Each structure stands twice: as C-alpha cells, then as structure tokens.
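The next block holds one structure in the form of structure tokens; read it before the comments.
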Amino acid sequence: MKQILEKLQNYKKDGNKAFAVLIDPDKIDIASCTRLLNISLENKVDFFLVGGSLVTVPNLNQIIRFLKKNSNIPVILFPGNNLQIDTSADAILFLSLISGRNPEFLIGQHVVAAPILKKSSLEIIPTGYVLVDSGQPTTVQYMSSTIPIPYDKPTVAACTAMAGEMLGLKMIYLEAGSGAKRMVSNKMINTVRKSIDIPLIVGGGITSARMGMEALEAGADMIVIGNGIERDFKLLIEVSERVAEYNSMLALKK
C-alpha cells in the first residue's frame, strides 16, 4: 500500500508542506538519537530519512528499530548504495541519479537491490535524484563519480526532472549534498516545480528556517535537513514551527 507516496502526493495537491529530518548513521548514536527523536515528536516532524553517501558503522538497523519502536513517524530509507537496505523501515527512496551518467547509480545498484526489495514489505518509491553544484565537492559527488548540474542552470535541472517524470519516476529530489556551502537556488526550485507534476523534495545546504521556507515557497513540497540539525537542534524546532504556521495559514484561506 503506497501510503507515504500517496501522502506526499496529497500534500502537493492541497498545497501543504512537509519537513523531513535526515539521520546519517555515521553521525549519530542512540543517546543523541534519543534526544533528536524526542524533539522531533514534540515538533511533529513528518518523516525520518535514514542513510548516507558513505556509512561506515554497522548501526543502520539499530537506529531504524529504535525509531520505529519509540515513535509513529514514518522511517524512509535514503540509501547511498544497495548495502543500506533494512526491511524494518517503512519505505525506501529507490533513487536513480538522473543528473549523472554513471550507470551504477542509474540502474546497476537497483538490479542488485531488486530481489531483496521484492520480498520485503517496504513501500518502494522510485525517485529521480538530481545532484546540484553546491559550491564545493560533496561526498555524494565523490562516491557517485558524477558531475552535478551547475548551480546557475535551472533549465538543465528542469529538463532532467521532466525526463525523470516521463520515465515513470514518482518523485524528484533536488540535492545540494551533505555539508553543502549553499542550498539549491530558489530559481532552480521554482523552474523545476513548474516543469513537473510529481512531488518535489529539496535538501542540502539548508541551515536556517528562513532558507527552508524560501525553498518551500519556491515550490518544494518537502524539505530535508540533516547537517544543520546535527549542529543545532534549535533549527529543527524553528523549521517545524514555520512549516506548521504555513500549513495553518493555508488551511484558514480554504
């Protein structure tokens, strides 16, 4: 049952916005995860994304099971490769790196993962992953051996996203990368939004509530924040409050 994808599709249809917290297993332990979870529950975070470009510690399953046991916030796998599959999660973003030309991340990893996913109960969400230049090399850029779309080329990003939608992908994820110096430009977000009808996710480089809201107002249906929250949990609270205010104002206008 496509509950998570359907929820995001309904968000887009109704004009509501969503906020997801990205958890990198390499950068968190159970103690810090407990604090993050409690703050997320208090502030009604919509989703947890779990994964990273390079995971070197074997605690993916432990983190996911902890989140599932102690909250009802949906847990979505955000895998850097086929090793980051855990069937105890709720869903997986089945990422195809459509901005690059490395066949390993267009279809290769997917072929290896397919039989495992077929037997699982995970909701599989085919997602077009579009890497955008953030002003400095990022881990995902290095690990995927791909060149990101230039920061000032919104039309290239839009055409890439359109192609992904035409290929049958169900969502587009514009990504500046972990530790990005700058987020995806509002102009690019807006250009892509106008070019596709499927949900649009934006992540990377969002270090303030203002930046997050600008991305949402430019056309993102969901923003994803990881590094900024790892440095300061107050960012989670501020973003959640702004997103809730936005959705409340929208409801009053209807």
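The values are calculated or read from the model by the stated rules, or taken from the named source; none is laboratory data. What you see is a predicted model; the values in this text were computed from it and never measured. Neighbour counts run over all protein chains shown; Cβ positions are idealised from the backbone, glycine included. The protein model used for the area step is the full one, side chains on, heavy atoms only, and it has no ligands, DNA or RNA in it. Shrake-Rupley method; radii C 1.70, N 1.55, O 1.52, S 1.80 Å.
From the list Val45, Val75, Val50, Val55, which one is in contact with a Leu (Cβ under 9 Å, 6 or more places away or on another chain) and either at positive phi or open to solvent by 20 Å² or more (accessible area, probe 1.4 Å) (or both)?
From the options Val45, Val75, Val50, Val55, the qualifying one is Val55.
List the helices (runs of 4 or more DSSP H) inside the range 1-103, counting only whole elements, that have at least 3 residues being of a type outside the set (D, E, K, R), under 15 Å from Ile225 (Cα atoms) and touching a strand residue (DSSP E or B) at 6+ places or on another chain (Cβ under 9 Å).
30-42
Run Ile147 past the list (1) in contact with a helix residue (DSSP H, G or I) (Cβ under 9 Å, 6 or more places away or on another chain); (2) under 26 Å from Ile206 (Cβ atoms); (3) loosely packed, with under 14 Cβ neighbours inside 10 Å; (4) modelled with pLDDT under 95 and report the number of the one that doesn't hold.
Condition (4) is where Ile147 drops out.
Just a yes or no: is a residue in the range 150-165 modelled with pLDDT under 95 and surrounded by fewer than 21 Cβ atoms within 10 Å (Cβ to Cβ)?
So far as the range 150-165 goes, no, none of its residues is modelled with pLDDT under 95 and surrounded by fewer than 21 Cβ atoms within 10 Å (Cβ to Cβ).
Based on what the data block shows, is Leu236 closer than 23 Å to Pro25 by Cβ, open to solvent by less than 10 Å² (accessible area, probe 1.4 Å), touching a residue at least 24 places away in the same chain (Cβ under 8 Å) and part of a helix (DSSP H, G or I)?
Yes: the conditions hold for Leu236.
Is the range 94-114 home to any residue that is over 20 Å from Tyr129 (Cα atoms) and open to solvent by 30 Å² or more (accessible area, probe 1.4 Å)?
no
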